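Let me begin by presenting the structure, written as structure tokens, before commenting on it.
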Amino acid sequence: MKNEQRQTIPYDITPELALQELKEGNFRFMNNLRKNRDLLQQVNETKDGQWPFAAILSCMDSRTSAELIFDQGLGDIFSVRIAGNIISEGILGSLEYATAVAGSKLILVLGHTNCGAIKGACDHVKMGNLTSLIERILPAVAQETTFTENRNSKNAPFVDAVAELNVKNGVKEILEKSEVIRNLVEQEKVSIAAAVYNVSTGKVNFLETEIIEMAVPFNDGSEAA
């Protein structure tokens, strides 16, 4: 792809097409149909700038590289990674840059199964700076009420249920805490979605229906909770 073609990506692609591209990319990844890319050519094409169509917030887990599981090349996506795919001020600033400045059309919050950070939260681990990170996941642990026994890291279904809730909470937190992103979503210039990656199968499960229900107007505190 020529450099001048790449420059049109953020302006030509819609949020819906951006999401579809990620779905198709994961299909290629799962079926070993990855696109044949000249990465050195892409280095040259992007040397003067970048035009990623999506920003993906995912866990730092070594098995969850967004570029690989969505079959994307250099300069195609922003990849924001932190243990437990939690939301912080720095994460919000990064996502605001991706959408409001660089023109990305989609934000995807991506969790995954068998997540170490989620397991730590389920076990209420306390260790140095990890403690404050784990605390950001604890609301999802409390919200998971279908499991009344074995609410710990040894219960894989419980861990994965918490991971899904944590992803949904992340989407809600982005919309609540970032006026910049919320305005872009309300204007339909940007979409925000959530998904969970299965580390056993390579499949990404998109949680679109649930997210639509969560995209509620921002509560600025003027109304009682």
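From least to most packed, judged by other beta carbons within 10 angstrom and beginning with the fewest, Thr131, Thr145, Thr113 follow the order Thr145, Thr131, Thr113. Placing pseudo-labels 7 Å out from each Cα toward the beta carbon at Glu135 and Glu176 gives an inter-label distance of 1.6 nm.
What's the local net charge at Asn26, with K and R +1, D and E -1, over the other residues with C-beta under 9 Å away? Each step should come with its number before you reach the end.
Details: positive: Lys23, Arg28, Lys203; negative: Glu24, Asp71.
Neighbour charge sum, excluding Asn26 itself: +1.
Counting charges near Pro15 (Lys, Arg +1; Asp, Glu -1) among other residues having Cβ under 9 Å from its Cβ returns a value of 0.
How much FRET efficiency would the formula 1/(1 + (r/R0)^6) give for Val125 and Leu33, where r is the Cβ-Cβ distance and R0 is 45 Å, rounded to 0.05? Kindly include the intermediate steps, with their values, before the conclusion.
On the way: r = 39 Å, r/R0 = 0.87.
The computed FRET efficiency comes out at 0.70.
Computed about its Cα centre, the charge dipole of region 130-177 is approximately 80 debye, with only Lys, Arg, Asp and Glu carrying charge at their Cβ. Based on the convex hull around the alpha carbon atoms, region 3-209 presents an average projected area of 12.0 nm².
Straight-line reach from Lys23: taking Cα to Cα under 17 Å and skipping same-chain neighbours fewer than 8 places apart, the lysines in range are Lys35, Lys105, Lys203.
Values in this text are rule-based calculations from the coordinates and carry no lab data. All of these numbers come straight from a predicted model, not from anything done at the bench. Note that each Cβ is placed from the backbone with ideal geometry, even for glycine, and that neighbours are counted across all protein chains shown.
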